1. With an 8 Å Cα cut-off and a minimum separation of 6 or more residues, compute the relative contact order for region 1-87 in percent.
2. What does the extension gain come out to for I64 and R107, with contour length at 0.36 nm per residue minus their alpha carbon separation?
3. Using a 1.4 angstrom probe, figure out how much accessible area region 39-83 has per residue, in square angstrom, rounded to the nearest whole.
4. Taking 0.36 nm per residue of separation and subtracting the Cα-Cα distance, what length does fully extending R149 through R3 add?
5. For L10 and A181 in one chain, what is 0.36 nm times their gap in residues minus the Cα-Cα distance, to one decimal in nm?
6. State the percent of C-alpha pairs, over all pairs in region 1-92, separated by a distance greater than 23 angstrom.
7. Show me 134-143, 37-46 ranked by packing, highest mean number of other Cβ atoms within 10 Å first.
8. Between beta-carbons, use under 12 Å as the cut-off and find the net charge around G163, counting Lys and Arg +1, Asp and Glu -1.
Amino acid sequence: MVRDGYLYGLGLGIVAALLWLTTHSWALTALPLVLAIFFLWFFRDPQRTIPTGPGEIVSPGDGIVTEADWIETAAGSRLRLSIFLNVFDVHVNRAPVAGTVKVVEHREGSFLNAMKPESGIMNEQTIVVINAGNYEVSYKQMAGLLARRIVCTVKVGDRLERGQRVGMIKFGSRVDVLVPADAVPRVKTGERVRGGSTVLAVLPERVAATVNVAAAAVS
């Protein structure tokens with residue numbers, strides 16, 4: 001469980017206990033007690049089995065794939081996969097690939113519904129770029145209508161492993177992943193994914209093989 005769950009749960013549990021001791025009213029005690037249980041559940045952080053196949057790019061979060069399409073960026077063509085997390089999903093985010101953090105950029109913005117296309121530009125967000133050797137993968141943590149806090153626990157220069165915990169977004173949000181344009185998507189719109197364990201896309205064999213050779217040379 002994320003530490004916040006204990007903090008929220010314990011605090012509300014104490015409030016519920018005090019209300020019961022002073023009023024003996026279940027009506028007054030029920031609300032903080034229910035909220036305490038909800039926060040303990042919301043901040044859950046389950047263990048995940050991380051795929052180990054070459055060239056695999058895993059989902060950074062739990063949720064529903066709302067977009068899987070190729071786009072043009074300043075750095076060239078990219079495959080973008082968008083994942084919407086509702087309030088009932090696990091909100092811990094994980095690294096999509098192994099590599100070194102090249103960029104961490106936080107942008108202030110609005111809190112539009114994360115399902116809207118314009119939210120990807122206008123909403124508050126944190127962008128992280130990972131240098132995976134011969135290619136780069138970036139992910140974007142975006143606030144939503146309810147989400148008002150983005151937690152990013154990585155910094156430039158950090159070495160990440162695939163599936164490693166990298167932060168969370170609280171109370172509903174969206175995560176975008178931009179991968180090389182020649183990556184082959186393994187999910188489609190409407191599909192449910194799990195952070196760290198669902199493979200979103202796979203790099204072609206020729207790219208994956210080059211990465212493996214480079215990794216072997218280093219080791």
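The values are calculated or read from the model by the stated rules, or taken from the named source; none is laboratory data. Note that the structure is predicted; figures quoted are calculated from it, not measured. Note that we place each Cβ from the backbone using ideal geometry, even for glycine, and neighbour counts take in every protein chain shown. In case anyone asks, the SASA skips ligands and DNA or RNA and just uses the protein heavy atoms, side chains included. Shrake-Rupley method; radii C 1.70, N 1.55, O 1.52, S 1.80 Å.
1. On the way: 89 pairs, mean separation 21.6, N = 87.
Averaging sequence separation for qualifying contacts and normalising by length gives 25 percent for region 1-87.
2. Working: separation 43, 0.36 × 43 = 15.48 nm, distance 2.40 nm.
Result for the pair: 13.1 nm of gain on full extension.
3. Working: 2010 Å² over 45 residues.
Value returned for region 39-83: 45 Å² of accessible area per residue.
4. Gain in length upon complete extension: 51.1 nm.
5. Values: separation 171, 0.36 × 171 = 61.56 nm, distance 4.64 nm.
Once the chain is fully extended between L10 and A181, it gains 56.9 nm.
6. Numbers: 2091 of 4186 pairs.
The calculated P(r) of region 1-92 puts 50 percent of pairs beyond 23 Å.
7. Top to bottom by mean Cβ count within 10 Å: 134-143, 37-46.
8. +3
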